[in-house]
């Protein structure tokens, strides 16, 4: 199983690899910079080389970089829109420098300009981003959202429409966040709900485009549109629902990254252990 967590880059960016290794991860996700700021120092060549060396040593099979929260590729405001494009290009180049495999991007918020306009803006932004990062081998994953406010991506037809408008979408794929999907109305607590979700992904974008699962339980109610992550098996999806996701044969070779609450120093380790127990049909003490 390809299983890991979102790990901190505190200290040096390569310290994240050590943290992932200590947790027993074989995949990992990071922010390559402060997720709430535009300005950042560039990753030095020395730090990038050390990241690559430690990754190889730790046998981390996939590295994902989540772009900062400020980036909004659907924004109707040109200053923010153009800054988001430049920021995303810089993040992809940084990801390439450390040897990361994919960056994860939210579809963005159309800010009441309408979904049709927002989808067109995202596709146009991706055209520029793909062109400017053509020399990079880093893929771009569009993450689904809970659908609050004016956010795009709460149904998989949005990703299909975006990809259809991108001139070269070969590097563009999908990231499925289970908490977001549940909050958007996909009832992953049931067998039928999981089937509906995966069937819709297959029909809209193709399961072959699904490259990452953000494996999170959901603290909020079904179709609440509220994005509140919860510990595995402790939320509204529940242990049985999470177990079905973890063991579904269609997801068997897709990396799963936990973004569960870090409310104690042992939280990541406990959630990883829970996933492994559920994978082997053990639900005691959840």
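In terms of the Cα gyration tensor, with a ≥ b ≥ c the square roots of its eigenvalues, is the chain rounded because a/c is under 1.5, prolate because a/b exceeds b/c, or oblate?
Here the chain falls in the oblate category.
Quick one: compute the contact order of the chain, relative version, from alpha carbon pairs under 8 angstrom and 6+ residues apart, as a percent.
Computed over the chain, the figure is 15 percent.
I need to check one value: relative contact order of region 147-209, counting alpha carbon pairs closer than 8 Å and at least 6 residues apart, in percent.
The normalised contact order for region 147-209 reaches 36 percent.
Add -39500 (n - 2.57) for each DSSP H run of 4 or more in the chain, then divide by its residues: what number comes out at 222 nm, to the nearest 500 deg cm²/dmol? Don't jump to the answer; show the numbers that get you there.
Working: 9 runs with 113 residues, N = 286.
Counting only the DSSP helices, I get -12500 deg cm²/dmol.
What's the center-to-center distance, using Cα atoms, between region 35-93 and region 99-164 in Å?
Taking the Cα centre of region 99-164 as reference, the centre of region 35-93 is 15 Å away.
Note down the relative contact order for region 88-158 as a percent, whole number, built from C-alpha pairs under 8 angstrom at least six residues apart. Please report the intermediate quantities before stating the final value.
Working: 88 pairs, mean separation 30.4, N = 71.
So the answer I get is 43 percent.
Bear in mind that the values in this text are calculations on the coordinates, not laboratory data. No experiment lies behind these values; they were computed from the predicted model shown.
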